[in-house]
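What follows draws every value from the coordinates through simple rules; no lab data is involved. All values reported here derive from a predicted model rather than from experimental measurement. No Cβ is skipped: glycine too gets one built from the backbone with ideal geometry, and neighbour counts run over all protein chains shown.
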Amino acid sequence: MKIKPVSIKILTVCYVFVLAGIIFLADVKSTRYVLSFVGSIPFGDKLGHFFLIGTFSFLLNLSLGCRKVRRVLSGSLIVSVIVTIEEISQIFIRGRSFDLTDLIADFLGILLFGKLAKIVFKNYFAEDGKND
């Protein structure tokens, strides 16, 4: 069964708004009500980074047809730039701080979910079942 690319694009746009909302809430210190359970999970913050950013990478790569720029998925490259800028920007936001381990969790999610996007694209999106 092939999935319609427009469905993934709509889902990606919705996900970006959810992710932006989470980042906004974190920046204004209002996540304690929404994400208070994360602190009770071992490595919850890092797992959150891994899955949230990994899912962003997955959806964006599918939306872009798993196109590549010099052997790198363009969606993964875009997400990597965005999360790096966002993590560095925390240096300048009162009450937030740059955390290299958050960035590493982000990059691991981008890498793993990018590979998953290639598999899903090949099996459910590509017309001939191939993706260069």
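If amide hydrogens are placed 1.01 Å from N in the peptide plane, which non-local residues have theirs closer than 5 Å to the one on residue 68?
Result for residue 68 returns 74.
Sorted by average packing, counted as other Cβ atoms within 10 angstrom per residue and highest first, what order do 77-85, 108-116, 41-49, 92-100 take?
So the peptides 77-85, 108-116, 41-49, 92-100, ranked by packing, come out 108-116, 77-85, 41-49, 92-100.
Can you give me the distance in nm between label points at residue 104 and residue 13, each placed 7 Å from the Cα along the Cα-to-Cβ direction?
For the pair residue 104/residue 13, the computed spacing is 3.8 nm.
Taking a 29 Å limit on the Cα-Cα distance, which of the listed pairs 4/29; 29/115; 4/46; 46/115; 29/68 fall beyond it?
Violating the 29 Å Cα-Cα cut-off are 4/29; 29/115; 4/46; 29/68.
What list of ³J(HN,Hα) couplings, whole Hz, do you get for segment 108-121 from phi and the Karplus terms 6.51, -1.76, 1.60, once you set θ to phi - 60° and write x for glycine and proline?
5, x, 4, 5, 5, 6, x, 5, 5, 4, 4, 5, 5, 4
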